[in-house]
1. Scan segment 28-43 for residues that are part of a loop (DSSP other than H, G, I, E, B) and either open to solvent by 90 Å² or more (accessible area, probe 1.4 Å) or of a type in the set (Phe, Trp, Tyr) (or both) and report the count.
2. Has segment 172-180 got any residue that is open to solvent by 80 Å² or more (accessible area, probe 1.4 Å) and touching a His at 6+ places or on another chain (Cβ under 8 Å)?
3. Report, ordered by the first and then the second residue, all pairs with beta carbons closer than 7 Å, sequence separation of six or more or different chains, a first member in segment 61-80 that is surrounded by 13 or more Cβ atoms within 10 Å (Cβ to Cβ) and among the hydrophobic types (A, V, I, L, M, F, W, C), and a second member that is assigned to a loop (DSSP other than H, G, I, E, B) and modelled with pLDDT of 85 or more.
4. Take the residues in segment 15-27 that are among the aliphatic types (A, V, I, L, M) and open to solvent by 40 Å² or more (accessible area, probe 1.4 Å); name whichever of them is nearest to ILE39 (Cα to Cα).
5. If you check every pair at least six apart or on different chains, which have Cβ atoms under 7 Å apart with a residue in segment 115-133 that is under 12 Å from LYS103 (Cα atoms) and free of Cβ contacts under 8 Å to residues at least 24 places away in the same chain first and a residue that is polar (S, T, N, Q) and open to solvent by 60 Å² or more (accessible area, probe 1.4 Å) second?
6. Are any of the residues in segment 14-26 at pLDDT 90 or above, in a strand (DSSP E or B) and not β-branched (Val, Ile, Thr)?
7. If GLN72 satisfies every condition in (1) among the polar types (S, T, N, Q); (2) modelled with pLDDT of 85 or more; (3) under 31 Å from the mean Cα position of the chain (by Cα); (4) over 30 Å from ILE134 (Cβ atoms) but one, which is the exception?
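The values are calculated or read from the model by the stated rules, or taken from the named source; none is laboratory data. Predicted model only: the values in this text are computed from it and were never measured. All Cβ positions, glycine included, derive from the backbone under ideal geometry; neighbour counts span all protein chains shown. Protein only, heavy atoms only, side chains kept; ligands, DNA and RNA dropped before computing areas. Shrake-Rupley method; radii C 1.70, N 1.55, O 1.52, S 1.80 Å.
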Amino acid sequence: MDQPSNQDLFHAALNMPPEERAAYLDDVCQANPTQKEEIQSLLDSHDEAHTFLGKEPAPLPTVSFHPPKCIQQYELIEQIGEGAMGVVFKAKDTTLGRIVAIKFLKPEIYPTHQSVDRLQREAKALAAVNSPHIATVHDLIESDGVCAIVLEYVEGESLRQRLDRRRMAMDEAIQIAMLISEGLRIAHE
C-alpha cells in the first residue's frame, strides 16, 4: 500500500486541532518515522510563522552621516541624493573650479571591506563607460577613513521630482524609459 505524500499528510494534520495532530501522525506514519519527523517539522514551522510575522522587526541602528566640509580639493555644498548604499553631495572642485557630485558610502555600510571593494569596482566600471546617459567618473578618493566616488554633476531634477511635479504624458514616459534603458544597456556591456 502506498504511503500518502508529505503534502497530503501535512494538510490533513493542519486541518486538525493541534492537540490531535501527534496521535494522527503516530497512526499514519507508523511504518515511516522519518516521514513523521518531516511533517512534524513542517507543522512546527507553520505554527511559528504567525508569531514570526506578527512581531515588530527590531529597529535598525541609524547612523547619521556627517561628511567632512572638505575632502581633498572638494568642498561639499549640499546633499542632493541618497540610495541604499550611498549619499550623494554636490561639491566644488577647488582645483579645477567645477561643480561635481560626490558619492559617499553610508557609514553603516562602509566598515566592511567588501563595501569599499564594491565602491571601487563601481568606480572602475563607470570610468570605463563613455556615454551621455551615464555620469562620468572623475576620481575615486579616500581620505581620513572616508571613501567616495567623484562624478560629473548633472544639473536638473530627479525622476522622482519630475513625477511629483506633474503627471507624465505617455510619449514623455516612453522617451525617458528609453534613455534610462540605453544607459543601463551600456553600463551592463
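1. Final tally of qualifying residues: 2.
2. Scanning segment 172-180 turns up at least one residue that is open to solvent by 80 Å² or more (accessible area, probe 1.4 Å) and touching a His at 6+ places or on another chain (Cβ under 8 Å).
3. LEU76/LYS69
4. Checking each candidate, the answer is ALA22.
5. Filtered contacts from segment 115-133: no entries.
6. Scanning segment 14-26 turns up no residue that is at pLDDT 90 or above, in a strand (DSSP E or B) and not β-branched (Val, Ile, Thr).
7. The failed condition is (4).
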